[in-house]
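In what follows, a structure is listed as structure tokens, so that the remarks can point back to it.
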Amino acid sequence: MEAHLQAYYGSIIRRVEAESAEVTEAGFYEMAPTESVPFYTVATHGYSTLRLPTPPGLDSAYVELVMHADQDPFEDEKYSWIPQVMHQVGSFAVNHMNWIGQWMVFPNQELDRYVDTYERMLTGEKVKLPLHVQPYSPESGFCGVMVVPPLPQCQEAFTMPYLENGKEIDGEWPVYFHTLLPLYEEEMEYYFQHGQEALLEKMMENGIEHLFNLHRPNTFKEKRKGFFGRFNK
């Protein structure tokens, strides 16, 4: 895994071991910014030891998570929520044997609401709004994450052959490195009302890398006019 991460994201500058041997715990690798990937990159290691169940026809059973930051989240307290979010999403999936797939959204909600939102996403039911979320930190204002593909320059980092004792297992599914993109409350509510494509169309106006700027403005901040009018344009 170390060679895979360094091939696409940069040199590893930190390895954080899991706090316990429990399967719900994972450690972290941190990669330094590079010319092509101008962010600190954090990736989990440990979740992919467990094969998660998947919907029929999909093959993302082995999962690790990736996030980007413009400052070192292990050195700068303002960014310390990043590994905490990764643990929240990953440990929930492992604890409940749930699937993590592309374009899913995970709000920062109390557990009962979180479970309800997740189940409604899987079944295609309408998610209950308002979401009743809390920001990850007072400084960021982000209240959830969306699972997205890697940055274009790292697209081949998305999959890694599953290895057992250092050997690739013929016919086995790969490990998927799912990138988590932080979202504001209004962005998530727009996603649940209008869908992923409609949200991305609005968010992509300033380019892909802009989305990973943790100081970026809320896409809908100027349009907020109360719950039913906040997305009118």
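The values are calculated or read from the model by the stated rules, or taken from the named source; none is laboratory data. Please read all numbers here as calculations on a predicted model, not as lab measurements. Every residue, glycine as well, gets a Cβ built from its backbone with ideal geometry; the counts of neighbours run over all protein chains shown. SASA here: full protein model, heavy atoms, side chains in, ligands and nucleic acids out. Shrake-Rupley method; radii C 1.70, N 1.55, O 1.52, S 1.80 Å.
All of (1) crowded, with 20+ Cβ neighbours inside 10 Å; (2) on the phi > 0 side of the Ramachandran plot hold for GLU189 with one exception: (2). Quick check: anything in segment 201-211 open to solvent by less than 40 Å² (accessible area, probe 1.4 Å) and in contact (Cβ under 8 Å) with a residue 12 or more places away in the chain? Yes, that holds for at least one residue. Just the residues that are touching a Lys or Arg at 6+ places or on another chain (Cβ under 7 Å) and closer than 16 Å to MET1 by Cβ, please, taken from segment 46-71. Listed by number, the list holds a single entry, TYR62.
I want to confirm something. Restricting to segment 57-84 and keeping residues that are in contact with a strand residue (DSSP E or B) (Cβ under 6 Å, 6 or more places away or on another chain) and part of a helix (DSSP H, G or I), which single residue is surrounded by the most Cβ atoms within 10 Å (Cβ to Cβ)? Of everything passing the filter in segment 57-84, ILE82 is surrounded by the most Cβ atoms within 10 Å (Cβ to Cβ). Restricting attention to segment 130-156, the residues that are more than 24 Å from SER80 (Cβ to Cβ) and outside any loop (DSSP other than H, G, I, E, B) total 4. Selection of segment 159-191 for residues being within 17 Å of the chain's Cα centre (by Cα) and hydrophobic (A, V, I, L, M, F, W, C) yields VAL175, PHE177, LEU180, LEU181, LEU183, MET188. Scanning segment 167-200 for residues that are in a strand (DSSP E or B) and either touching a residue at least 40 places away in the same chain (Cβ under 8 Å) or touching a His at 6+ places or on another chain (Cβ under 6 Å) (or both) yields a total of 8. Screening TYR114 against (1) buried (at least 21 other Cβ atoms within 10 Å of the Cβ); (2) assigned to a helix (DSSP H, G or I) leaves a single unmet condition, (1). Does segment 44-61 contain any residue that is of a type in the set (Asp, Glu), over 30 Å from HIS194 (Cβ atoms) and in contact (Cβ under 8 Å) with a residue 24 or more places away in the chain? No: zero hits.
If you filter segment 1-56 down to residues that are more than 18 Å from PHE177 (Cβ to Cβ) and of a type in the set (D, E, K, R), you find that the one that is surrounded by the most Cβ atoms within 10 Å (Cβ to Cβ) is GLU25.
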